[in-house]
Amino acid sequence: MAMDISIHTTALPHDDPDASLTFYRDILGFEVRSDVGNGKMRWIAVGPPGQPGTSILLAPPAADPGITEDERRVIAEMMAKGTYGWILLATRDLDGTFEKVQAGGGEVVQEPIEQPYGVRDCAFRDPAGNLVRIQEVR
């Protein structure tokens, strides 16, 4: 018998919750599902309209009390390089989405292109440096 399992939430780090909220809510159009904490210690759940069972948790990267100072430093370095977190999103209108994100100030990593492996996509960095790839679904 197959298991009944789905993806509920995935987490991405933030170092500026307001900037991340602006990117995911105002530029990508995600709904805010929850926003708890204060200052940089905020956990913000966002998700696509019409998909209430799927969320991205924007979270402080080193809030776990079990993380050492060395680990916090490595996380901060990886975030600064844009190598710590990433996500793959999908849209039916890649060009329109690209234009909206670019106009909203998203840091362009790759303009829309047909990849040799058969997908058309683009890429941005969010305010925390996370790689956000957006793939066109046909």
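The values are calculated or read from the model by the stated rules, or taken from the named source; none is laboratory data. Note that the structure is a prediction, hence the values are computed from the model and not measured. For neighbour counting, all protein chains shown are included, and Cβ atoms are generated from backbone atoms with ideal geometry for every residue, glycine included.
What the table shows:
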item: Candidate set from the range 1-38 (those that are among the aliphatic types (A, V, I, L, M) and under 22 Å from Ala103 (Cα atoms)); member that is surrounded by the most Cβ atoms within 10 Å (Cβ to Cβ); result: Leu28
item: Count of the range 23-41 residues which are assigned to a strand (DSSP E or B) and farther than 30 Å from Asp93 by Cα; result: 4
item: Unique residue being under 17 Å from Ala123 (Cα atoms), under 13 Å from the mean Cα position of the chain (by Cα) and either of a type in the set (A, V, I, L, M) or loosely packed, with under 14 Cβ neighbours inside 10 Å (or both) when the list is Leu88, Leu94; result: Leu88
item: Residues that are in contact (Cβ under 8 Å) with a residue 24 or more places away in the chain, among the aliphatic types (A, V, I, L, M) and not in a helix (DSSP H, G or I), drawn from the range 67-96; result: Ile87, Leu88, Leu89, Ala90
item: Unique residue being assigned to a strand (DSSP E or B), within 17 Å of Ile134 (Cα to Cα) and not polar (S, T, N, Q) when the list is Ile56, Ile44; result: Ile56
item: Odd one out for Gly66 among (1) among the small types (Gly, Ala, Ser); (2) surrounded by 10 or more Cβ atoms within 10 Å (Cβ to Cβ); (3) farther than 16 Å from Pro127 by Cβ; result: (2)
item: Glu99 being exposed (fewer than 14 other Cβ atoms within 10 Å of the Cβ) and in a helix (DSSP H, G or I); result: yes
item: Per-region count, the range 59-74, residues in contact with a strand residue (DSSP E or B) (Cβ under 7 Å, 6 or more places away or on another chain) and either closer than 23 Å to Ile134 by Cβ or modelled with pLDDT of 90 or more (or both); result: 3
item: Asp15 being outside any helix (DSSP H, G or I) and either under 15 Å from Ala128 (Cα atoms) or in contact with a Pro (Cβ under 6 Å, 6 or more places away or on another chain) (or both); result: yes
